[in-house]
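Worksheet: one structure, shown below.
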Amino acid sequence: MAAAPKRPFRWHIGVFLAPAVLVYTAIMILPLAGTLQLSLFRNIDQAQVFVGLANFRTLFGDPNWSLGFWNALRNNVWFFIIHMLVQNPIGVLLAALLSSPRLRFSAFYRTAIFVPTILSFVIVGFAWKLILSPLWGVAPNLMDLVGLKSLFTPWLGKEQYALTTLSLISVWQFVGIPMMLIYAALLSIPEEVIEAAECDGITGMSQFWKIKLPLILPSIGIISILTFVGNFNAFDLIYTAQGALAGPNYSTDILGTFLYRAFFGFQLQIGDPNMGAAIATMMFLIILGGVCVYLFLVQTRLRRYQF
Amino acid sequence: MTTKLLTALLLGTSILGSAGMAYAQDVTLNIESWRGDDLAIWKDKLIPAFEAKNPGIKVVFAPSAPTEYDAALGAKLAAGSAGDLITCRPFDKSLELFKKGNLADISTLPGMENFSDVAKSAWQTDDGKATFCVPMASVIHGFIYNKDAFDQLGIKVPTTNEEFYAALDKIKADGTYIPMAMGTKDLWEAATMGYQNIGPNYWKGEEGRAALIKGEQKLTDPQWVAPFAELAKWKPYLGDGFEAQTYPDSQNLFTLGRAAIYPAGSWEIGLFNTQAQFKMGAFPPPVQKAGDTCYISDHTDIGMGLNAASKNADAAKTFLSWVASSDFATIYANALPGFFSLNNTPVKMEDPLAQEFVSWRDKCKSTIRSTYQILGRGTPNLENETWVESANVINGTDTPEAAAKKLQDGLDSWYKPAK
């Protein structure tokens, strides 16, 4: 019996993978490694000196840094909670309404709700700043028309409201994404399943809760994790609406703006790339941790249905 | 045919080439700057004026975008391709360049004697021994007011605190105008147009600023807390929703004639002149009691230095001496009303509002913003914290004492004054 012919080395696999691997390495992995490395160094007398974890000790040990960090993290968590509590349920609701066969003009609604998502942060920040402006904004006038003028306050300028207001602006902008994903998931539920449910007498609301919701849970999981990553990387909206100091009194400071001030400096504060990299590393670890929790604890328990 | 054309072309280039050689004796100086806005003024007014007096020296003004300037300049200096003349940011950014050896020491440059010590402080080493940039311009703080509104309500220009609040009360009672156009949304308005504007009258300008740097005074001392206490009193005179009012909002409120008083920096003059449809006047920050010495913030903003690696150092020095002269000052100050020459020789300016601002230099003592020199270095940054705390004080979320304590604590954490 002849020996099995030696299989030739499959070069094409490497060739096909190379572009993606190279590009990903160059624009993602190297900068990430560079950031992690930068966080272990410190600029002493114009030279980069290896200092181990000293930057992290400063970040957590020195109250000037740690108070800012915890404040930013707390604000970021609140930012995320608002998105989870408002954006995603509304997204699911809108998708459920859109997928209803009796709704007219659903294509129009779908587009209209999705449009803010493709707008630039700069436009969104500027437009909402104007809408909510106590001087020229339409918000005070509109509220006056319905007799609610007394409820109007300069939300973006008040410590207790500013962050929530910005979170809701962000929700307004991004509610289209969960809506689209859930909408797609709802459309992919086969007719047979729905028909079977109807034969069993499950219709209307209970059909949504008992049949459709379990089937779109994996999509909701994906949306949650996208929201989590997006929120903890957020920066643009706060920067455009409130500036790099994230006023008033740092009440809208999130990790992104905190990182920006540390890394690039602001006004007279001179940028410190090493401390900035330390903060960026913490953000990376927080996001990594969140994603791991999701992957290992949530994703594995989600039931998948094969049709 | 083609051969002929080629010959002609070659001939042409050789002539052009030799023409270029004839000009090569001329020295060309390049100016690095972030003031792209001033390009026309340099090209049409300043450079021709200099070249007319100094044949043989050509000057090219080559600005880059303000946000890119520092990084671009750093890269060019490192690569050795930076221009001969460098526009200097005030304080630490330029000091750092000097320490790296990028800026030459020009303490002995002819013309430097035209500037006071305060004017030079922005471009000196901490000990004041070496100066590395020629001061070009400063901005002065004060209040711009709507003259028509003041006349209509019969208000005299206030000189003391008492008169100031009386005027504000009167405007508020009348109700036609918002007494004061200022917001706290952008934070820096509260600090720069508020705290640094009125503060020098309390901490006695340079005296207090120097004592703070030496560590003899603290931000929690009464003279440093008092300006915060005044700011806290401004709250009722600001417009509805001032917490969300941005800097452009304030400018528009005033130029649209809806507000009577605008806590200002002189750089507003150019814009306000083109936008406001009413007569404007200006008054310096009111003093505590009639007869008190007044102090103004006359903040150094822009200067020009010599690239230490310049191959045309002599020509560049000639240019810098001209920048230090009153000729330059006259052209510059008139082209950019509100950016005042720091030259000791008074400059004749056409703009009445600019004249009013600059006239305070004669009767009041000048100082610069307290949080810039030396104290503007560390983390937490005193200047940035002052923005936040000034806004907090006006918003009423911090008491003046608490704000001052936070600033001092932050400063103490990194600043150890030399004993």
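The values are calculated or read from the model by the stated rules, or taken from the named source; none is laboratory data. Bear in mind that the values here come from a model prediction, so they are computed numbers and not experimental data. Cβ coordinates were reconstructed from backbone atoms using ideal geometry, including for glycine residues, and neighbour counts include every protein chain displayed.
Here's the yes/no breakdown for (1) under 26 Å from residue A:154 (Cα atoms); (2) of a type outside the set (Val, Ile, Thr):
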site	(1), (2)
A:174	yes, yes
A:209	no, yes
A:227	no, no
A:236	yes, yes
Going through (1) buried (at least 24 other Cβ atoms within 10 Å of the Cβ); (2) in contact with a strand residue (DSSP E or B) (Cβ under 9 Å, 6 or more places away or on another chain); (3) away from chain A (no Cβ under 14 Å) one by one, residue B:202 fails only at (1)
With criteria (1) farther than 27 Å from residue B:368 by Cβ; (2) modelled with pLDDT under 90, residue B:60 comes up short on (2)
Here the residues within the stretch B:386-402 that are outside any helix (DSSP H, G or I) and either of a type in the set (A, V, I, L, M) or free of Cβ contacts under 8 Å to residues at least 24 places away in the same chain (or both) are B:397, B:398
Quick one: is residue B:62 outside any strand (DSSP E or B) and among the small types (Gly, Ala, Ser)?
no
If you go through A:142, A:156, the only one that is closer than 21 Å to residue B:184 by Cβ and either away from chain B (no Cβ under 13 Å) or not basic (Lys, Arg) (or both) is A:156
All conditions in (1) out of contact with any helix residue (DSSP H, G or I) (no Cβ under 6 Å at 6 or more places or on another chain); (2) within 14 Å of chain A (Cβ to nearest Cβ); (3) small (Gly, Ala, Ser); (4) in contact (Cβ under 8 Å) with a residue 60 or more places away in the chain are true of residue B:378 except (4)
*asked:* Scan the stretch B:391-404 and tell me whether some residue there is assigned by TED's automatic domain parsing to the domain that holds residue B:219 and either under 30 Å from residue B:128 (Cβ atoms) or touching a Cys at 6+ places or on another chain (Cβ under 9 Å) (or both).
replied: yes
Among B:270, B:305, B:265, B:241, the single one that is without any contact (Cβ under 8 Å) to a residue 12 or more places away in the chain and surrounded by 18 or more Cβ atoms within 10 Å (Cβ to Cβ) is B:241
Selection from the stretch B:81-107 of residues assigned to a loop (DSSP other than H, G, I, E, B), touching a strand residue (DSSP E or B) at 6+ places or on another chain (Cβ under 9 Å) and either at pLDDT 90 or above or charged (D, E, K, R) (or both) yields B:82, B:83, B:84, B:89, B:102, B:104, B:105, B:106, B:107
message: Could you go through the stretch B:174-194 and let me know if any residue there is under 27 Å from residue B:373 (Cβ atoms) and of a type in the set (Asp, Glu).
response: yes
Picked from the stretch B:93-137 (must be within 18 Å of the chain's Cα centre (by Cα) and within 14 Å of chain A (Cβ to nearest Cβ)), the residue surrounded by the fewest Cβ atoms within 10 Å (Cβ to Cβ) is B:93
Here, helices (runs of 4 or more DSSP H) confined to the stretch A:191-307 with at least 2 residues that are within 14 Å of another protein chain (Cβ to nearest Cβ) and crowded, with 18+ Cβ neighbours inside 10 Å are A:236-242, A:255-264, A:273-293
Within the stretch B:233-264, residues in a loop (DSSP other than H, G, I, E, B), within 12 Å of chain A (Cβ to nearest Cβ) and either closer than 13 Å to residue B:146 by Cα or under 25 Å from the mean Cα position of the chain (by Cα) (or both) come out as B:245, B:246, B:256, B:258
Scanning the stretch B:314-352 residue by residue, those of a type in the set (Val, Ile, Thr), farther than 25 Å from residue B:274 by Cα and crowded, with 17+ Cβ neighbours inside 10 Å turn out to be B:318, B:323
Filtering the stretch A:14-48 down to residues that are at pLDDT below 90 and of a type in the set (Val, Ile, Thr) yields A:44
Sole miss for residue B:329 among (1) in a helix (DSSP H, G or I); (2) closer than 19 Å to residue B:195 by Cα is condition (2)
Of B:187, B:168, the only residue that is out of contact with any strand residue (DSSP E or B) (no Cβ under 6 Å at 6 or more places or on another chain) and at pLDDT 90 or above is B:187
Condition set out of contact with any strand residue (DSSP E or B) (no Cβ under 8 Å at 6 or more places or on another chain) and charged (D, E, K, R), scope the stretch B:52-71, selection nearest to residue B:323 (Cα to Cα): answer is B:53
Among residues of the stretch B:372-402 being buried (at least 18 other Cβ atoms within 10 Å of the Cβ) and farther than 18 Å from residue A:269 by Cα, the residue nearest to the chain's Cα centre (by Cα) is B:391
Of the residues in the stretch B:345-371, those that are assigned to a loop (DSSP other than H, G, I, E, B), under 17 Å from the mean Cα position of the chain (by Cα) and not hydrophobic (A, V, I, L, M, F, W, C) come to B:369, B:370, B:371
Across the stretch B:168-195, the tally of residues that are of a type in the set (A, V, I, L, M), in a helix (DSSP H, G or I) and either within 11 Å of chain A (Cβ to nearest Cβ) or within 19 Å of residue B:394 (Cα to Cα) (or both) stands at 4
Yes or no: residue B:267 farther than 15 Å from residue B:198 by Cβ and either touching a helix residue (DSSP H, G or I) at 6+ places or on another chain (Cβ under 9 Å) or hydrophobic (A, V, I, L, M, F, W, C) (or both)? yes
All conditions in (1) outside any loop (DSSP other than H, G, I, E, B); (2) in contact with a strand residue (DSSP E or B) (Cβ under 7 Å, 6 or more places away or on another chain) are true of residue B:78 except (2)
With criteria (1) more than 10 Å from chain A (Cβ to nearest Cβ); (2) surrounded by 18 or more Cβ atoms within 10 Å (Cβ to Cβ); (3) not in a loop (DSSP other than H, G, I, E, B), residue B:405 comes up short on (2)
